[in-house]
Amino acid sequence: MNMKQRGVTVWFTGFSGAGKTTITNALVEELKNQQFDIEVLDGDIIRENLTKDLGFSKEDRDTNIRRIGFVAQLLTRHGVIVLVPVISPYRALREEMRKKIGDFVEVFVNAPLAVCEDRDVKGLYKKARAGEIKQFTGIDDPYEPPLNPDIECRTDKEDVAECVAKVMNKLQELGYIA
């Protein structure tokens, strides 16, 4: 383990298409270049491998977030920088994860819904608007933006490098990385 780091969970929240995974991937490169121990708990990959049994009801979304949070807590406790790009639409659950994990930095990846729909790399918004996908966050299911995120990345106005710099600066400021 790199002795210049402390374990922390960096939780990226925002609409589908806001840029959570894009920022995470760029951050991974930056952190790896500096030889930090990191792990990514990507929402899509977790859904494929760890929470395949869950749907998208509020209860299932809560269970999904709690499972991700449990894994993040274990890794954080063992000195790993954990990057968690997941929509996590409910404020109360994000706060629950903050309390449970402790070393927690919330990043609000903020892009207007219209921008996310324009990006729609997976075609999910189009399917949700057509009624093919139910309970889609931002369309027919709510998203509760953070009231006081540790970091806000406005991906409609800031590029990836600016967002990565914000996260790196905050991790340094809070003493998680030297």
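A few points about this structure:
- Among the candidates TYR125, TYR176, residue that is aromatic (Phe, Trp, Tyr), within 15 Å of VAL8 (Cα to Cα) and over 17 Å from the mean Cα position of the chain (by Cα): TYR176
- Out of LEU83, LEU50, sole residue that is in contact with a helix residue (DSSP H, G or I) (Cβ under 7 Å, 6 or more places away or on another chain), surrounded by 17 or more Cβ atoms within 10 Å (Cβ to Cβ) and not β-branched (Val, Ile, Thr): LEU83
- Of all the criteria given as (1) more than 15 Å from the chain's Cα centre (by Cα); (2) crowded, with 23+ Cβ neighbours inside 10 Å, the one not satisfied by HIS78 is (2).
- Among the residues making up the range 147-178, those that are open to solvent by 50 Å² or more (accessible area, probe 1.4 Å), over 19 Å from GLN5 (Cα atoms) and not basic (Lys, Arg) are LEU147, ASN148, GLU152, ASP156, ASP159, VAL160, ALA161, GLU162.
- Checking GLY138 against (1) open to solvent by less than 30 Å² (accessible area, probe 1.4 Å); (2) at negative phi, the condition it does not meet: (2)
- Residues within the range 120-171 that are under 18 Å from ILE23 (Cα atoms), hydrophobic (A, V, I, L, M, F, W, C) and not in a helix (DSSP H, G or I), tallied: 3
- Only one of THR21, THR9, THR13 that is open to solvent by 20 Å² or more (accessible area, probe 1.4 Å), under 19 Å from GLU152 (Cα atoms), touching an Asp or Glu at 6+ places or on another chain (Cβ under 8 Å) and in contact (Cβ under 8 Å) with a residue 24 or more places away in the chain: THR21
The values are calculated or read from the model by the stated rules, or taken from the named source; none is laboratory data. If you're wondering where the values come from, they're calculated on a predicted model, not measured in any experiment. Note that each Cβ is placed from the backbone with ideal geometry, even for glycine, and that neighbours are counted across all protein chains shown. With ligands, DNA and RNA removed, areas are computed over all heavy atoms of the protein, side chains included. Shrake-Rupley method; radii C 1.70, N 1.55, O 1.52, S 1.80 Å.
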